[in-house]
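The values are calculated or read from the model by the stated rules, or taken from the named source; none is laboratory data. This structure is a prediction, so every number in the text was calculated from the model and none was measured. Every residue, glycine as well, gets a Cβ built from its backbone with ideal geometry; the counts of neighbours run over all protein chains shown. In case anyone asks, the SASA skips ligands and DNA or RNA and just uses the protein heavy atoms, side chains included. Shrake-Rupley method; radii C 1.70, N 1.55, O 1.52, S 1.80 Å.
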Amino acid sequence: MIELVEQEITNLVEEIGYDEVTRLFNTLAGGKRLRAKLVLEIAGTQDKAPRLGAIIELIHAASLLHDDVIDDATLRRGAPSVNATEDSKTAIMLGDALYSKAYGALVSYDEAVAKTVSDAVTALSVGELMDVRMSETFNANAQKYLDMLYLKTAALIEASAKAGALMMGRDAEAYATYGRNLGISFQIIDDILDIVSDEATLGKPALHDYEEGKCTLPYIYLYEALEGEERERLLSYHKEKLSTENASWIKEKMQKYHCVERSYALAQELSDKAISAVDGDARLIGIIESMMKRSF
Ligand code: FPP
Ligand code: MG
């Protein structure tokens, strides 16, 4: 089934009708296709489901092209990012071509489906802006961090599940709840992997979030646990290149205060909420379980 999505992605990119776009797009690694898989798992019996999955994957790819420019990131999914191999202008223009093509294709869906997806794109744009602003200074507010995650990452995952349910005439709100909680949980796992994993497994530099200014949940928990000079020490590393010694100090303190375990427990709690929203749907439960166990 996912092959049908890959075929639709190829079709959409070719329909743009410009060789450089096709060539550059073909250099991108495809990723996990989580959003398309959700559409297929929920609405796979609908003829138009693979194309909707492809549309959402193109929007996601466009957002990552722009995100790598915004974050000055040079690696994406184990390969150099387009802003690194070409330049930022090219990455932005490629993103624009993919994004506008996806929007054009979205208008042939029911209004409720199209609105669900386009509202999510507004949310992720706002989420990205929030993320950038929140990275400027240390953010110690966990709720504010989770609100940002919802917008930046979970909104499009929520929209994928909800749009699938709308196509099937199923309970859209239940599936939206599933997607929202899966999405936030997914990003918390991503944040944990930045701390516990290595570059070869991640396909991007490890222990990089804090250097980029991102105060993810384990850092917020660590900030709460530390006092006095140690807290100052943590704050002084914010947005700085971490030496091996300072990186080890952070990891050691995180271990002492169970910051990763606490973050994982929240991801688990949200995953449980997602599962209870779609009780009995074994395939959707399977998606959550593999997401929780993933290593990249
Ligand atoms: C990755 O976050 C970023 C996103 C999931 C959303 C980015 C959204 C935009 C740039 C705005 C929307 C633009 C368009 C064209 C649709 P991250 O930097 O935390 O994760 P990473 O480590 O994978 O880069
Ligand atoms: Mg980024």
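Restricting to the stretch 171-219, and then to whatever is within 25 Å of D119 (Cα to Cα) and small (G, A, S), can you tell me which residue is farthest from ligand 1 (Cβ to nearest atom)?
Of everything passing the filter in the stretch 171-219, A174 is farthest from ligand 1 (Cβ to nearest atom).
Criterion first (away from ligand 2 (no atom under 15 Å from the Cβ), open to solvent by less than 60 Å² (accessible area, probe 1.4 Å), within 28 Å of I285 (Cα to Cα) and not basic (K, R)) does A102 satisfy it?
Spelling it out, it is not the case that A102 is away from ligand 2 (no atom under 15 Å from the Cβ), open to solvent by less than 60 Å² (accessible area, probe 1.4 Å), within 28 Å of I285 (Cα to Cα) and not basic (K, R).
Looking at this structure, is A84 at pLDDT below 95, open to solvent by 20 Å² or more (accessible area, probe 1.4 Å) and of a type in the set (A, V, I, L, M, F, W, C)?
The answer is no for A84.
Name the pairs whose Cβ atoms lie under 7 Å apart, with the first residue in the stretch 6-23 and on the phi > 0 side of the Ramachandran plot, the second among the polar types (S, T, N, Q), and 6 or more positions between them or separate chains?
Partner pairs satisfying both residue conditions: none exist.
For the stretch 129-137, indicate whether the set of residues that are away from ligand 2 (no atom under 16 Å from the Cβ) and surrounded by fewer than 20 Cβ atoms within 10 Å (Cβ to Cβ) is non-empty.
Yes, the conditions are met somewhere in the stretch 129-137.
Only residues that are farther than 23 Å from A159 by Cα, near ligand 1 (Cβ under 7 Å from one of its atoms) and either more than 16 Å from the chain's Cα centre (by Cα) or of a type in the set (G, A, S) (or both): list them for the stretch 48-77, please.
Once the filter is applied, which keeps residues that are farther than 23 Å from A159 by Cα, near ligand 1 (Cβ under 7 Å from one of its atoms) and either more than 16 Å from the chain's Cα centre (by Cα) or of a type in the set (G, A, S) (or both), the stretch 48-77 yields only A73.
Please go through the stretch 196-209 and give me each residue that is of a type in the set (A, V, I, L, M, F, W, C) and either open to solvent by 40 Å² or more (accessible area, probe 1.4 Å) or away from ligand 2 (no atom under 16 Å from the Cβ) (or both), ordered by number.
Result: V196, A200.
Looking at this structure, is D96 away from ligand 1 (no atom under 16 Å from the Cβ) and either under 18 Å from the mean Cα position of the chain (by Cα) or under 30 Å from K214 (Cα atoms) (or both)?
Taking the combined requirement at face value, the residue does not satisfy it.
Return only the number of the condition from (1) in contact (Cβ under 8 Å) with a residue 40 or more places away in the chain; (2) more than 10 Å from ligand 1 (Cβ to nearest atom); (3) not in a loop (DSSP other than H, G, I, E, B) that L28 does not satisfy.
Status for L28: all satisfied but (3).
Just the residues that are crowded, with 16+ Cβ neighbours inside 10 Å and over 24 Å from N11 (Cα atoms), please, taken from the stretch 87-99.
S88
If the Cβ limit is 7 Å and pairs must be 6+ apart or interchain, which residue in the stretch 108-130 that is under 12 Å from I56 (Cα atoms) pairs with which residue that is open to solvent by 20 Å² or more (accessible area, probe 1.4 Å)?
These pairs meet every condition: V113/L166; V113/M167; A114/V107; T116/K162; T116/L166; A120/E158.
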